Amino acid sequence: MKKYLSLFFAVSVLVSSVFATVAGDRFSLKDFKKALKRDSSAANNSQLAKEVVRKGVTFEYTRKREKDLRNWGANDELIDAIYQSIVDESDEERWYRDFMKKYKSPERDTRKAAMMRGRQYLGRFEMNSRFAGNVSKIKEEIKYLECEFNPDLDC
């Protein structure tokens with residue numbers, strides 16, 4: 001029994017240290033190197049992948065960086081999550097700027113296009129907490145657009 005408690009304690013310390021390493025806002029390459037060198041198991045890769053989707057990364061995706069990550073023990077699931085996180089970050093910024101530009105237009109048709117873009121934006125990014133600030137802003141602005149284009153709402 002004592003052996004199992006010691007083993008449980010050792011695993012708990014290891015897991016805690018891995019998550020303490022990557023507990024900041026976004027993951028850096030250094031975070032991945034430390035975490036994967038400590039534990040490159042499929043379970044740890046899976047947990048890191050979930051955290052990457054939630055928090056994002058601080059670096060650009062290149063073949064060299066992918067090679068480094070794989071050498072450190074990253075599997076396909078983690079590599080895919082990193083890639084998707086970078087794509088989401090880039091798309092989110094572009095879609096948000098597009099919405100705001102159209103929203104501020106004096107042209108009615110352009111503002112209507114903003115409402116459609118805002119709905120698309122929410123469909124793709126609303127569930128990701130990294131983008132909560134922009135999601136809130138778009139939700140607020142869409143209310144005004146819906147009032148403008150749907151007189152039945154009695155706004």
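Remarks
- W72 meets each of the listed conditions (1) in contact (Cβ under 8 Å) with a residue 24 or more places away in the chain; (2) farther than 19 Å from E60 by Cβ; (3) surrounded by fewer than 19 Cβ atoms within 10 Å (Cβ to Cβ) apart from (2).
- Residue satisfying all of: in segment 26-42; within 18 Å of Y61 (Cα to Cα) and part of a loop (DSSP other than H, G, I, E, B); most open to solvent (accessible area, probe 1.4 Å) among these: R26
- Taking segment 55-69 as the range and being in a helix (DSSP H, G or I) and either aliphatic (A, V, I, L, M) or open to solvent by 60 Å² or more (accessible area, probe 1.4 Å) (or both) as the test, the residues that pass are R63, K64, R65, K67, L69.
- Here V87, V52 are screened, and the one residue that is part of a helix (DSSP H, G or I), exposed (fewer than 15 other Cβ atoms within 10 Å of the Cβ) and among the β-branched types (V, I, T) is V87.
The values are calculated or read from the model by the stated rules, or taken from the named source; none is laboratory data. None of the values given here were measured: they were computed from a predicted structure. A quick note on method: Cβ atoms are made from the backbone with ideal geometry, for glycine too, and the neighbour counts reach across all protein chains shown. Only protein heavy atoms, including side chains, enter the accessible area calculation; ligands, DNA and RNA are left aside. Shrake-Rupley method; radii C 1.70, N 1.55, O 1.52, S 1.80 Å.
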